[in-house]
Amino acid sequence: MTHPTELTIAGARRALAAREISAAELTQAHLDAIAALNPRLNAYITVTPELAAAQAAEADAALARGEAGPLAGIPLAIKDLFCTAGTRTTAGSRILGDFVPPYESTVTGNLLRDGAVFLGKANLDEFAMGSSNTSSAFGAAENPWKRQGDDTALVPGGSSGGSAAAVAARLALGATATDTGGSIRQPAAFCGVSGIKPTYGRCSRFGIVAYASSLDQAGPVARTVEDCAILLGSMAGFDPRDSTSADVAVPDFAAAVARGVKGLRIGIPREYRVEGLSPEIDALWRQGMDWLRAEGATLVDISLPHTKYALPTYYIVAPAEASTNLARYDGVRFGLRENGEDLKDLYERTRAAGFGDEVKRRILIGTYVLSAGYYDAYYVKAQQVRALIKRDFDQAWAQVDAILTPATPTAAFGRDENQDDPVAMYLNDVFTITANLAGIPGMSVPAGLDGKGLPLGLQVLGRPFDEETVFAVGGAIERAAGFHALPALRAAA
Amino acid sequence: MSLDTATVRRVASLARLRVEEADLPRLEAELNGILGWIEQLQAVDTQGVEPMAGGGAQALRMREDRVTDGGIQEQVLANAPDRAGAFFAVPKVVE
Amino acid sequence: MSYTIEGSTGPWEVVIGLEVHAQVTSMAKLFSGAATEFGAEPNSQVSFIDAGFPGMLPVINRECVAQAVRTGLGLNAQVNLWSRFDRKNYFYADLPQGYQISQYQYPVIGTGQIEIQLGDGSTKTIGITRLHLEQDAGKSLHDQHPSKSYIDLNRSGVALMEIVSEPDMRSPEEAGAYLTKLRQILRYLGTCDGNMEQGSLRADVNVSVRKAGEGFRTRCEVKNVNSIRFVMQAVEAEARRQVELWEAGEEVVQETRLFDTTRGVTRSMRSKEDAHDYRYFPDPDLPPLVLEQSWVDSLKAALPELPDARRARYVGDFGLTPYDAHVLTLEKETAAFYEAVAKGRDPKMAANWITGDFFAGLNRVGASIGSSPVSAEDLGALLDLISDNTLSGKLAKEVLEAMFETGKAPGLIVEERGLKQVTDTGAIEAVIDQVMAANAGKVEEYRSGKDKLFGFFVGQTMKAMQGKGNPALVNELLKKKLG
């Protein structure tokens, strides 16, 4: 039989239902894998073996009673941005100290409702700000993939680097993640797994530590498109506790995966052929077009003219929102406190000691662009350009059903590369960021390897609340690509 | 628009981030690098474009006026770095 | 005569505008389900939302919006069907989120106006600039520990209406009358309890002075004044301070000040290290507040009668004097009490009794309308006893006093004390006969022309009847018997 950590979620569900494996065994196999590999990969900040074992036992009991939820016994990694009742939640930051939330995020609550087992809290860039998982206060996570013949530690991408690394290295069957500018799709692409950022409002933000409220969206990372669909089906849904949660029905996402692309019109945005796009990525993109055409889709050349302004727009909107979302970390009610001469000094020392450099940079940028005299020139301007970016997509949907782009401009890079220039780091999100600004769903699917043996992903974008078409296109790419390469570091390897 | 040292100091103070004097030049350079790059937005013609504030819904949903929360004094205070009985405590504030 | 302050350079006009913070009457907070009740244990009415915990999100309370709309309608103001919540960013120990959710650019209520009543019987229209919804902050206690401030977040997140007036007031009296009227409207509408001692209503007073015919000069804001009397005192104190400054050749600096109620002066608030820069921007957690016109219409249709309309009705329909109508409509509870008493009775008589002996009685026992030992029903019954001649006016006053003391119904008191007025002519005649027999000499004197003695016989008769003889009958029968 396949090693338990090699199962897909769909496969594990079948094995659990057929009693070929118990939830306890499946969970223990993952806990063993974590014990063996996490010291190296640092994919988890916190591992919760007792909790996982207890949840697995419950799942086994439910399975025995025939009352198992759709995710009964499925071991998952939870990005440490989701508040989990009774389990320390850090957001990858020192400032939260040993904060133990007395409440559960809606998304993790939904997964628990469906019987999932939580192995622990996955590493991330501090407050989800980053594209390399190097800004975590708990140390960088490492990408389990290696360049051929080269042991350089590569980044797993970010901010959901721990989630993607854990799934790729078989330290979880799937993981929750969040995506504000590409934080699901970019690490998924870097680690050779799939990930989807659904439509803004599809998953509740309640109980997720906020970075940029108008852009943040939760979604899954898993090893197959179908597994992503299964997880999203559980995570998604209307939540009256989030005023931006969409009151729309959750369709059977998993059923859409095998739907095929025959008759679909797939847009190829010419503006995504950016300057300096690596020939390998360009070739993979063309390969993806060929696959979809071969499956019966029609390719349509489209224009999204404001694409090149997406990144600078994002770097006004996101820091502006972050600067005020992070004002609550002040050392008064929870988290770290550094004492000072007076209240202001306490605030300044606490926040200086608690936040890392990238978070501070974004808070400062955000504070500046909202300050008197600059608000119109920066913030309002960015909101206007954001409206134009959204309009680009709105117009495209008249012509096409989905859009195909590369997921990232490069494969995973070394931990010490790209660290000197914040702007160079920001460019990692060039293909993913527009989906957050427009609020539309986007998925990254592993589609091939670069010349050094590192995974590359393709991105599928869809209409608002049409994740089903995204899954259909993602499923077609997955079948055509037949991506079966494995990372160098993984459980049972 | 570019920031000078005084502005960086003022913004840091507004954001309640203690910045050591020695770090100001580095921060100033980094922030100016980012702002310089952001500057390209000024090239976009946004005449008459309605700013897009939020990500999703176009109207607030309203909840009913019922007491459904609170009464969790101990949980609210449990994570406090300094508490005095049922209060949070901070260094004395002079008004 | 308009109000001015006499300086050494001549008269100065005072310009006043008020920003009133009124706590919205609701069960739960503006964006959380925690209770709003006053006086609870510290931090016991706090949700994780109110305490600004990670990942917590605001969801708006429909009733708070309805209350703001009702208030806007009561202020004859524009209801904006599209409004928005912004974040006002600043750090303070009792502001857990590090920002206050408020409405900056697009308030739910736009311009309106109210009419105020002044002491000389005149009225004046004061413009309303806007009304918006916002969150209250928590409370800092500075006197509990030598080196620490204590924070209670029970108030954090309670809904407030900030009601901003135009700078239309020109005297302390007008400022007082405006706040009185505003409070009256809020209480009629039931949108704010108007309790200034508990802080449910507080005013920031903007004051400037100028010479006749000038434009506005620099104003100062006197923060958080918590009684109508203090508002009037603060206006005067601040205006005098400004006059002195200008006349000394100095400048008035735009700033926030506090009113020192014991010394009767305003003083500068400790200047903040940072100039305020609130960095307002639309709260990304909250889509716009979009109201249906039909909903606004239904709220409007259900509005209670407001003081102005009620006053006009009392004068027009009941024939009350404008003064009595004003007094009876000041408080919603008084008006309701009055109407209950007046129903089916002489409205003027009811007004006289309420504004006279009833108010005096309340005063004597230290009660309010709400806690009155005399119910409207019992007071009405008392008036009925006067109307059907069971009680004389004088006896009725005694009965009312007894009602205040015992809380008993008037009929019962009349019975217990045997106070029922005697209208039986035979019984009165018998007493008169006795009085005349016992005072035969006085009868002779009267009959020989000493008319003044009539009062003596009335007195003797009433005395013999322990005051219970119907005065009109006693008079009539005495005249007949004495001849």
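Nothing in this text is a laboratory measurement; each read-out follows from the coordinates by a stated rule. Since this is a predicted model, take the numbers as computed values, not measurements. Virtual Cβ from ideal backbone geometry, glycine too; neighbours counted across all protein chains shown.
Mean projection of the alpha-carbon convex hull of the stretch A:164-254 over all orientations, in nm²? So the Cα hull casts an average projection of 5.5 nm². Modelled this way, with points 7 Å down the Cα-to-C-beta line, the labels at B:Arg9 and C:Lys452 are 9.7 nm from one another.
Quick check: from the Cα gyration tensor, does the stretch C:305-417 come out rounded (a/c under 1.5), prolate or oblate?
Working: a/c = 2.31, a/b = 1.57, b/c = 1.47.
Prolate, since a/c reaches 1.5 and a/b exceeds b/c.
For chain A, excluding the exposed loop sites themselves (GluC sites (Glu not before Pro), DSSP loop, at most 15 other Cβ atoms within 10 Å), the longest remaining stretch covers A:68-274. Mean silhouette area of the stretch A:180-318, derived from the convex hull of its C-alpha atoms and averaged over all directions, reads 9.8 nm².
Determine the distance separating the Cα centre of the stretch C:60-124 from the Cα centre of the stretch C:434-483; give it in Å without decimals. Going from one Cα centre to the other spans 70 Å.
Given axes a ≥ b ≥ c from the Cα gyration tensor, I'd like to know whether chain A is rounded (a/c under 1.5), prolate (a/b larger than b/c) or oblate. Display every interim value, and only then the final one.
On the way: a/c = 1.42, a/b = 1.03, b/c = 1.38.
Judged from the Cα gyration tensor, chain A comes out rounded (a/c under 1.5).
Distance from a point 7 Å along Cα→Cβ of C:Phe38 to each backbone N in the stretch C:245-269: keep the residues under 12 Å and list them by number. Counting only backbone N, you get no residues.
Arranged by the count of other C-beta atoms within 10 angstrom, fewest first, what order do C:Met169, A:Met443, A:Met425 take?
Working: C:Met169 27, A:Met443 33, A:Met425 20.
So the ranking, lowest neighbour count to highest, is A:Met425, C:Met169, A:Met443.
In a simple Cβ point-charge model (Lys, Arg +1; Asp, Glu -1; nothing else charged), the stretch A:346-422 has a dipole of about 360 debye relative to its Cα centre.
Over 22 Å between Cα atoms: which of A:Lys121/A:Lys344; A:Lys344/C:Lys88; C:Lys450/C:Lys479; A:Lys344/B:Lys92; C:Lys397/C:Lys463 fall into that group? Numbers along the way, then the final one.
On the way: A:Lys121/A:Lys344 33 Å; A:Lys344/C:Lys88 18 Å; C:Lys450/C:Lys479 13 Å; A:Lys344/B:Lys92 11 Å; C:Lys397/C:Lys463 18 Å.
A:Lys121/A:Lys344, as the Cα separations exceed 22 Å there.
Under the combined filter of DSSP loop state and at most 15 neighbouring Cβ atoms within 10 Å, the stretch C:251-339 retains these GluC sites (Glu not before Pro): C:Glu251, C:Glu255, C:Glu273, C:Glu292, C:Glu305.
With respect to the cross-link table entries A:Lys79/A:Lys197; C:Lys394/C:Lys468; A:Lys146/A:Lys452; C:Lys348/C:Lys468, which display a Cα-Cα separation exceeding 20 Å? Mind dumping the intermediate values first?
Working: A:Lys79/A:Lys197 14 Å; C:Lys394/C:Lys468 10 Å; A:Lys146/A:Lys452 8 Å; C:Lys348/C:Lys468 25 Å.
Over 20 Å apart, Cα to Cα: C:Lys348/C:Lys468.
Taken about its Cα centre, chain C carries a charge dipole of about 880 debye when Lys and Arg each add +1 at the Cβ and Asp and Glu each add -1 at the Cβ. Dipole magnitude for chain A: computed about the Cα centre from +1 point charges on Lys and Arg Cβ and -1 point charges on Asp and Glu Cβ, it is near 420 debye.
Placing a pseudo-label 7 Å from each Cα along the Cα-to-Cβ vector at C:Glu166 and A:Arg391 gives an inter-label distance of 3.8 nm. The Cα-based radius of gyration of chain C, divided by its Kirkwood radius, gives an Rg/Rh of 1.13. Note on the protein assembly as shown: Cα-Cα pairs beyond 61 Å make up 26% of the total pair count. Ignoring trypsin sites (Lys or Arg not before Pro) that are buried or in helix or strand per DSSP, and keeping those with at most 13 other beta carbon atoms within 10 Å, what is the longest stretch of chain C between them? The longest such stretch corresponds to C:1-262.
Between A:Ser303 and C:Arg267, what's the calculated FRET efficiency when r is the beta-carbon distance and R0 is 60 Å? Round to 0.05. The pair A:Ser303/C:Arg267 has a calculated efficiency of 0.40.
Within the stretch A:363-467, report the trypsin sites (Lys or Arg not before Pro) that DSSP leaves as loop and that have at most 16 other Cβ atoms within 10 Å. Sites meeting the loop and neighbour criteria: A:Lys452. Put simply, the Cα atoms of the stretch C:352-483 extend 58, 25, 21 Å along their principal axes, the longest span coming first. At q = 0.14, 0.15, 0.22 Å⁻¹, what is the base-10 log of I(q)/I(0) for the stretch C:197-249 according to the Debye formula with one equal point scatterer per Cα and no solvent? Please give it to two decimals. Results for the stretch C:197-249 at q = 0.14, 0.15, 0.22 Å⁻¹ read -0.41, -0.46, -0.82. Give me the one-decimal nm value for the distance between modelled label points at C:Ala312 and A:Asp376, 7 Å along each residue's Cα-to-Cβ direction. So the two model labels end up 4.3 nm from each other.
Taking 0.36 nm per residue of sequence separation and subtracting the Cα-Cα distance, how much length would be gained by fully extending the chain between C:Lys211 and C:Glu197, in nm to one decimal? The partial results should precede the final answer.
On the way: separation 14, 0.36 × 14 = 5.04 nm, distance 3.58 nm.
Value of the extension gain: 1.5 nm.
When C:Asp324, A:Asp227, A:Asp125, C:Asp388 are sorted by how many other C-beta atoms sit within 10 angstrom of their C-beta, beginning with the fewest, the order is C:Asp388, C:Asp324, A:Asp227, A:Asp125.
Among the GluC sites (Glu not before Pro) within the stretch C:122-219, those in coil by DSSP and having at most 12 neighbouring Cβ atoms inside 10 Å are C:Glu197, C:Glu214. Pull out a ≥ b ≥ c, the square roots of the eigenvalues of the alpha-carbon gyration tensor of the stretch A:328-375, then state rounded if a/c is under 1.5, prolate if not and a/b is larger than b/c, and oblate in the remaining case. Prolate, because a/c is 1.5 or more and a/b exceeds b/c. Volume per residue for the stretch A:25-131 equals 101 cubic angstrom (convex hull of Cα atoms). Given in Å, the Rg to one decimal and the Dmax to the nearest whole number for the Cα atoms of the stretch C:18-119 are 15.8, 54. Counting neighbouring beta carbons within 10 Å and listing from fewest to most, the residues C:His132, A:His30 come out as C:His132, A:His30.
Note on chain A: dipole from Cβ charges, positive end direction compared against A:Gly219, A:Gly482, A:Ala177; the farthest Cα belongs to A:Gly482.
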